[in-house]
Amino acid sequence: MYLQLSNPYSMKTSFAQGGASAQKSDGVALFFFEDTALFTTQSAAVRAAFPASAGNFDSGDFTGKKGSVAQCYHGSGKQTKRVYLVGLGKSEAVSAEGIRRASSAAARAAQRGKVKHISFEVPETASLNTTEISEAIIEGAVLGVYAFDKYITKPADASKLEAVSLCTANKTIVPAVKAGLDFATKVSQGVYLTRDLANAPNNEIYPETLAKRAQAAGKESGFKVTVLDKKKIQALKMGGLLAVNQGSVRPPVFIVMEYMGGKKGEAPVVLVGKGVTFDTGGISIKPAPGMSDMKIDMHGSATVIGAMSAVAKLKLPVNVIGLVPSTENMPSGTAFVPGDIVTHMNGKTSEIDNTDAEGRLILADALTYADRYKPQAVIDIATLTGACMIALGSITSGLLGTDDVLKSRIKKAAQRTSEHVCELPLYEDYEDQIKSDVADVKNSGGRPAGTITAALFLKKFIGDYPWAHLDIAGTGIAPSAGPYSPKGGSGVGVRLFVDMLRNWKKDGG
Ligand code: BES
Ligand code: MN
Ligand code: ZN
């Protein structure tokens with residue numbers, strides 16, 4: 001397996017036969033459970049294989065406590081191995097999320113220790129199956145060491161982890177380990193792609209280059225990409241996308257991605273991602289402090305592209321369409337202005353109250369376009385409202401929608417991936433806030449319940465299909481690094497979507 005996309009930094013993942021002491025890598029990691037009996041047996045075995053670990057145990061400093069990482073050395077000179085003892089806490093309470101975090105902590109410590117290749121011995125426990133454990137180790141380690149640093153000219157001593165292996169001396173679990181390794185590698189590649197796109201500045205990623213990167217991902221991963229240019233967007237009468245684009249020199253694009261891995265004729269699931277490559281606010285311009293974060297305002301589109309890529313590599317048996325309306329939101333002499341009335345693709349009109357409420361205008365047209373697929377479900381994902389960041393912070397995405405089955409699929413996936421979502425209501429009582437005197441709807445409902453009124457705006461443009469909306473304004477643009485995610489574009493939504501689609505049949509009904 002080989003992890004390399006646009007990021008010049010590459011990461012290899014692999015399986016290696018044998019226990020940790022048989023590995024040739026310059027770093028090894030060993031997981032421990034805190035249960036007294038288990039810890040005693042494990043530490044005795046590790047002490048025998050790596051005698052320098054004795055101090056970690058004898059001092060009582062390392063007890064297998066959840067999230068703890070201790071280090072010791074094995075061998076000497078150039079052959080010195082860095083050995084990481086990693087605590088998982090009590091075995092009955094161990095979770096995939098606990099393993100992801102522990103594995104990330106170990107990989108980050110190894111990277112600080114200039115380790116190039118770390119081998120994790122896969123632990124076994126009754127509480128989780130080996131495939132789940134293997135997935136969690138790879139996801140935690142690979143995702144945890146990601147950095148968007150390709151523009152930093154490196155000092156000579158800069159060292160990055162280059163390879164992660166899973167190893168075991170237990171031959172009977174090898175197929176399960178390899179299955180987990182394969183899945184997590186492909187999902188992590190999707191997350192890397194999403195993070196690379198989300199974090200790229202506007203002078204690298206603007207509508208045309210976003211489309212090029214989607215095409216490259218389609219070629220590499222195996223899905224079809226069609227890019228509609230401004231002429232086609234005009235012919236389709238996508239008035240929202242055209243209005244937001246009006247102040248820009250760079251033209252808009254509408255990207256259509258198709259992966260048909262399911263049964264022929266089976267209705268597809270459509271994923272729609274907001275692709276505002278930079279949001280100045282337009283004429284309703286944003287204040288300068290923090291405006292640079294708005295290079296990440298296309299995170300939703302990056303999530304859809306990364307998820308499409310992972311789904312195609314995994315060859316999941318589902319039909320999935322990805323749709324990305326993309327433009328900048330710029331102020332200029334040609335820009336749209338408050339008071340303008342826009343006619344959308346479905347013929348409905350919206351009054352522009354605030355040009356900074358641009359995401360919903362471009363998503364409106366994409367939700368109309370989605371209807372031509374007669375989809376079994378449509379989910380849009382967008383850095384849509386500052387209000388969602390205020391309500392739920394950077395930990396939880398906002399979930400709103402019209403269909404309980406679809407929302408429950410998303411909630412189940414959220415639980416399994418720990419990409420948290422929290423449902424907000426779509427009560428029609430809030431609609432007064434977006435009533436317009438001169439058009440069918442107004443594009444801003446003011447500050448109160450901003451996430452809800454934005455979703456109610458979108459609801460006016462959905463077709464006859466089950467629909468859900470994810471607001472990732474807080475979770476997509478992270479103010480600081482997470483347990484296995486970087487500061488900035490977090491990659492949120494890729495694991496969520498892949499997990500939901502992977503369990504589509506099981507979670508249905
Ligand atoms: N892209 C922003 C939302 C955003 C803000 C995401 C901060 C991440 C961090 C969106 O286009 C926007 O500007 N929304 C406005 C809507 C308002 C004018 C109704 C907002 O949230 O203030
Ligand atoms: Mn905006
Ligand atoms: Zn925006």
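The values are calculated or read from the model by the stated rules, or taken from the named source; none is laboratory data. Because the structure is a prediction, the values reported are computed rather than measured. Virtual Cβ from ideal backbone geometry, glycine too; neighbours counted across all protein chains shown. Areas reflect the complete protein model, heavy atoms only, side chains present, ligands, DNA and RNA absent. Shrake-Rupley method; radii C 1.70, N 1.55, O 1.52, S 1.80 Å.
Using a probe of 1.4 Å on the protein chains alone, the accessible area found for D149 is around 30 Å². Quick one: grab the alpha carbon gyration tensor of the chain, order the square roots of its eigenvalues as a ≥ b ≥ c, and give me rounded if a/c is under 1.5, else prolate or oblate depending on whether a/b is larger than b/c. Judged from the Cα gyration tensor, the chain comes out prolate (a/c at least 1.5, a/b above b/c). Once the C-beta distance of E428 and A169 is scaled by a Förster radius of 56 Å, the resulting FRET efficiency is 0.35 to the nearest 0.05.
The residues of region 3-173 have, on average, 44 Å² of accessible surface per residue, using a 1.4 Å probe with all protein chains present. Taking the DSSP bridge list for the chain and keeping only pairs wholly inside it, about 40 percent are antiparallel. Placing R0 at 41 angstrom, the Cβ-Cβ distance between D157 and A179 gives a FRET efficiency of 0.60 after rounding to 0.05. Label sites at I285 and N503, each approximated as a point 7 angstrom past Cα along Cα to Cβ, lie 4.7 nm apart. Here region 356-509 is treated with +1 on each Lys and Arg Cβ and -1 on each Asp and Glu Cβ, and its dipole about the Cα centre works out to around 740 debye.
Per-residue extension of 0.36 nm, minus the Cα-Cα distance of N129 and K231, leaves a gain of 31.5 nm for this segment. Listed peptides 327-333, 140-146 appear in the order 140-146, 327-333 once ranked by packing, highest mean of other Cβ atoms within 10 Å at the front. Dividing the mean sequence gap of close Cα pairs (under 8 Å, 6+ apart) by how many residues the chain holds gives a relative contact order of 14 percent. Positive contributions from Lys and Arg (+1) and negative ones from Asp and Glu (-1), summed over other residues with Cβ under 11 Å from the Cβ of G282, come out at -4. Shape class for region 3-173, computed from the alpha carbon gyration tensor (a ≥ b ≥ c): prolate, with a/c not under 1.5 and a/b above b/c. According to the square roots a ≥ b ≥ c of the eigenvalues of the Cα gyration tensor, what is the shape class of region 273-370, taking rounded for a/c under 1.5, prolate for a/b larger than b/c otherwise, and oblate for the remainder? Oblate, since a/c reaches 1.5 and b/c is not below a/b. Taking every alpha-carbon pair under 8 Å whose residues sit at least 6 apart, region 354-495 reaches a relative contact order of 38 percent.
Each Lys and Arg adds +1 at its Cβ and each Asp and Glu adds -1 at its Cβ; summed about the Cα centre, region 126-256 shows a dipole of about 660 debye. With a 1.4 Å probe rolled over the protein heavy atoms of all chains, the accessible area of R409, R447 falls in the order R447, R409, largest first. Atom-type composition of the exposed protein surface of region 3-173 places 53 percent of the accessible area on carbon and sulfur (1.4 angstrom probe).
Working ranking of peptides 419-425, 260-266, 188-194, 204-210 by packing, defined as the average number of other Cβ atoms within 10 Å per residue, highest first, is 188-194, 204-210, 419-425, 260-266. Over all other residues within a Cβ to Cβ distance under 11 Å of P338, the charged ones net out to -3, with Lys and Arg as +1 and Asp and Glu as -1. Taking Cβ atoms as reference points and 10 Å as the exclusive limit, the residues near F148 contribute a net charge of +1, counting Lys and Arg as +1 and Asp and Glu as -1. Look at the alpha carbon pairs under 8 Å that are at least 6 residues apart: their mean separation over the length of region 3-173 gives a relative contact order of 30 percent. Think of each Lys and Arg Cβ as +1 and each Asp and Glu Cβ as -1; about the Cα centre, that makes the dipole of region 3-173 roughly 660 debye.
Between A312, L242, V324, the Cα set farthest toward the positive side of the dipole of region 184-341 (charges on each charged residue's Cβ, about the Cα centre) is that of A312.
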